[in-house]
Amino acid sequence: MTSFLIQSDTHNSITELRTALNKCFDTDTLNEITIDTSTTHDDWEYGDSCPECGNAQMSTITPVEDVFHSEHGEFEFMDHGDFVGDTISVMCTECEELLVHTPYEKL
Ligand SMILES: [Zn+2]
């Protein structure tokens, strides 16, 4: 069993990482690799500034229902609907440090 602990701050880089791993390992090995996207900022709380750069402006990622109109082969965005879940991520807008991350499996 091979286990890698890899920390990453954006979902985009996780995708890039998987692509890179795909080129390095066969499928059996890949299936044993777990990518841990948790952060090291367990002590950060809402209201705190960024522990990395001191910036106080945060970007949050929250699941929101998007309403589409589907008719006659058209699929048209209508409106943002209600908030449907807890905040998934809080990210510093300055240094892009990920302060809170909830793995999607938990939702
Ligand atoms: Zn920061």
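All of the numbers you see were taken from the coordinates with simple rules; none came from a lab. Everything numeric in this text was worked out from a predicted model, so none of it was measured. Here Cβ is always computed from backbone atoms with ideal geometry, including for glycine, and neighbour counts include all displayed protein chains.
Look at 68, 75, 25 and count the other Cβ atoms within 10 Å of each Cβ; fewest to most, that gives 75, 68, 25.
For the stretch 40-107, a/c is not less than 1.5, where a ≥ b ≥ c are the root eigenvalues of the C-alpha gyration tensor, and a/b tops b/c. That puts it in the prolate class. Give the calculated FRET efficiency between residue 79 and residue 25 to the nearest 0.05, with a Förster radius of 35 Å applied to their Cβ-Cβ distance. Efficiency at R0 = 35 Å is approximately 0.20.
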